[in-house]
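The structure appears right after this line, and notes come after that.
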Amino acid sequence: MPAKATDKRRQGVSGPSRGKPSKAGKAGSKKRDEDASPEAGDALGDLARALVKSPDQLELTETELKQEITRTLTADNPQAPQNIVRFSFKEREYKLVDYLDQTAIHFSLNGNLIPKDSDEGRRQSIRSNIEAEKSPVETPAETSEQAEIKDEEQTGDTEAAGEGEGGEEEEAAEEVAEAAEATEAVEAAEAEEPPPKAPEKKLPNQFNFIERASTTPFNPLREKGCQTEPIPSLNFSTTIRQWDIYDAYVEELQRMEKAKEKEKSKPQAVKKEEEKRGLRKLSHVEVQHVEPITRVAKAAKIAERMVNLNTFDDIAQDFKYFEDASDEFRAQQGTLLPLWNFQYEKTKKLAVTAISWNPKYKDLFAVGYGSYDFMKQGHGMVLLYTLKNPSFPEYIFSSDSGVMCLDFNNEHPHLIAVGFYDGNVAIYNLRKETSQPSYKSSAESGKHSGPVWQNELVHMDVIKLSGEGTMQGPEGLQLQTLGCGTSFDFHKKIDYLFLVGTEEGKIYKCSKSYSSQFLDVFEAHHMAVDTISWNPFHLKVFISCSSDWTVKIWDHTIKTPMFVYDLSCAVGDVAWSPYSSTVFAAVTIDGKAHVFDLNINKHEALCTQLVVTRKKNKTTHIQFNPVFPIIIVGDERGLITSLKLSPNLRKMPKEKKGQEVKKGPEVEMAKLEKLLSLVREPEAKAET
């Protein structure tokens, strides 16, 4: 449009006769004005609405148009098949496909247009600009009107140059004429311009939709399976005749006879000594049977653990990851989550008499089996379980007498000392494949005449406490008590200091340096002292439990207890936790486990939970794991139950912003000392 206006202006300058528009031009412009009139636009709009309206469209009233109608659009394809069946390699059967592709393609067209903003569009634009710069510039062909205007301008310039200077009047007249012609040319150009198009009107929504929604299709589930190649196998066949079988039996009998002759030729004293120490050599026949069994046993143990990992996978996940979220809504109370149960078929009629964790392998623990009913004494067993295989024990040792106590050696964790009801003490070596003990006392070596209630394997020395009221140890240590000893414990830091509990309820503080007298005597309980244990953090504190229903916490420098708890039932065992100086747990014969934390509540237990559900069954022993937040509880039916402590039962100091939480034995000792200072009497405080 601007180009056309410029051409008309030049035409008006060249002469008066060419500045006026033609009749045909006027007629065309008039016709276009008529077409661009409002009446013509309304007619076109009515025509468009008439064409768009469907002939079968309902005529709705204003009230019906304002009514809200909700319709839900789904992405389901009504033409999609619903009976497709595919083979599932996971379940080994044909299954109906639940998820189908609901996409329906109505129109598809492959084009060659690309977006300008894309990388390919930018490369093509740069390529076309480079080609345009290299090629010569072509001017468009001039129109006839432009050529005439150009010729007239050239002739006018030559005439003006030939005539020279004209009169002032002629120049003024020409200027007036030029201005008039330019004005006419501009008006003619404006008249020839096409009228502006009226904006298209959007058709109104015939149904007055208010909201719309759409959903994305569900991705179908996919299964991926693989099939391994079968293990190559070979077919072997041979023919065995009757005389081949007979010859094999004859050879076997000859070997057995030779082995018996060798055994008879040995002196009787040598045989007894070998039987005591478990060093009897196997015969050639026995070696042949044992060697393949030992080779298979290792592979079978690995396979057994793999099967158990799959069988007890849900329990293993709870052991590692589960935390009771309901503790957040309890002020101080906690819970115990049952995990694995450990039981051996041959120990169902025996009671759990001792439990001890291995000091090196934190998942391995030993259990002693015997009987607390002195009228029904029989055989005993020592089993070693691991948390990795709850279905079967790792080691099995049998004995003629019931086991009453056991303990691992801290420096040599493969050695375990066991005390029996008949007064004997034995040491088992887990590195040896024999089931016989490496050492066992006898009447000649000086065994006890009563049951060995408790023993400790300190360094390489066995210190044992018998029911006859004597305590024996290395270097001639022998302590005679005034009553029947039932429990004892050595100090964790002071190696010569230890405590002894008796059947009369007294506790004796003793020293290895003074074997003929006691350092102090505590009138602790009214019945037998079942367990004594020093606190692993505080040097002065120990705990005791008794059948008189009480658990007491003591300071060995004070003869009165610091804390006393009545559990309303005979207490079988008590144990300190390895992670906090204020947490301990106890079991009662009514089948319940009690967990205390003095730092949170000094008056009652944070958790009291029933562990044994059977009637006429009692819980006997309890122990904390040294690393993991679990406890194990034994009962009179030979069952070991493992339980996980909830977060409220093992609370640790919270970290503050910009401050590090202090941890260590000193912090735990100070925490317990702060509680004891609140209950000590003024005189006792002055002494300490």
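Once each part is reduced to its C-alpha centroid, what is the distance from segment 531-596 to segment 348-407 in angstrom? Rounded to whole Å, the Cα centres lie 23 Å apart. In order along segment 590-604, the Karplus-derived 3J(HN,Hα) couplings, from 6.51 cos²θ - 1.76 cosθ + 1.60 at θ = phi - 60°, round to 7, x, 10, 10, 10, 10, 10, 9, 5, 6, 9, 9, 8, 10, 8 Hz, and Gly and Pro are given as x.
Rounded, prolate or oblate: which one fits segment 518-606, using the alpha carbon gyration tensor with axes a ≥ b ≥ c (rounded when a/c is under 1.5, else prolate when a/b beats b/c, else oblate)?
Details: a/c = 1.73, a/b = 1.11, b/c = 1.56.
It is oblate, given that a/c is not under 1.5 and a/b is not larger than b/c.
Please tell me which of these pairs span more than 31 angstrom C-alpha to C-alpha: Lys320/Lys674; Lys349/Lys651; Lys432/Lys540; Lys298/Lys492; Lys512/Lys616; Lys592/Lys651? Pairs exceeding the cut-off: Lys320/Lys674; Lys349/Lys651; Lys432/Lys540; Lys298/Lys492; Lys512/Lys616. Expressed as a fraction of 2.2 N^0.38 Å, the C-alpha radius of gyration for segment 308-374 is 1.52. Between Phe518 and Phe329, the distance separating the two model label sites (each 7 Å from Cα on the Cα→Cβ line) works out to 5.2 nm.
Pairs of C-alpha atoms in segment 600-652 farther apart than 16 Å represent 50 percent of all such pairs.
Please give the peptides 604-614, 323-333, 621-631 ranked by average Cβ packing (other Cβ atoms within 10 Å per residue), highest first, as a rough proxy for protection. If you can, show how the numbers build up before the last one.
Details: 604-614: 16.2, 323-333: 11.9, 621-631: 18.9.
Packing proxy ranking, top to bottom: 621-631, 604-614, 323-333.
Note on Ile240 and Thr311: their simple-model spin labels are 3.2 nm apart, each label 7 Å out from Cα toward Cβ. For a paramagnetic label modelled on Lys662 (point 7 Å from Cα along Cα→Cβ), amide N atoms under 18 Å away belong, within segment 595-624, to 599. Taken along the Cα-to-beta-carbon direction at a fixed 7 Å, the label points for Asn341 and Ile114 span 7.2 nm. Temperature 4 °C, viscosity 1.567 mPa s: under these conditions the Stokes-Einstein estimate for segment 529-685, based on its Kirkwood radius over C-alpha pairs, is 79 µm² per second.
Given the convex hull of the Cα atoms of segment 51-127, what is a quarter of its surface area in nm²?
Average projection, Cα convex hull of segment 51-127: 13.7 nm².
Kirkwood-based Rg over Rh for segment 562-655 (C-alpha set), two decimals? Ratio value, two decimals: 0.96.
For segment 375-427, what number results from the quotient of the Cα radius of gyration and 2.2 N^0.38 Å? All intermediate terms of the calculation are to be shown ahead of the outcome.
Working: Rg = 12.4 Å, N = 53, 2.2 N^0.38 = 9.9 Å.
Ratio of Cα Rg to 2.2 N^0.38 Å: 1.25.
Taking the Cβ-Cβ separation of Phe392 and Lys320 as r and a Förster radius of 25 Å, what is the calculated FRET efficiency to the nearest 0.05? Approximately 0.70, to the nearest 0.05.
Counting pairs of Cα atoms in segment 61-106, how many percent are more than 16 Å apart? Write out the running numbers ahead of the final one.
Details: 648 of 1035 pairs.
Tail fraction, whole percent: 63.
Segment Lys349..Val296, full-extension length gain: 16.0 nm, with 0.36 nm per residue of separation and the alpha-carbon distance subtracted.
A short reminder: the numbers here are calculations on the coordinates, not readings from a lab. If you're wondering where the values come from, they're calculated on a predicted model, not measured in any experiment. Cβ: placed from backbone, ideal geometry, glycine included. Neighbour counts: every protein chain shown.
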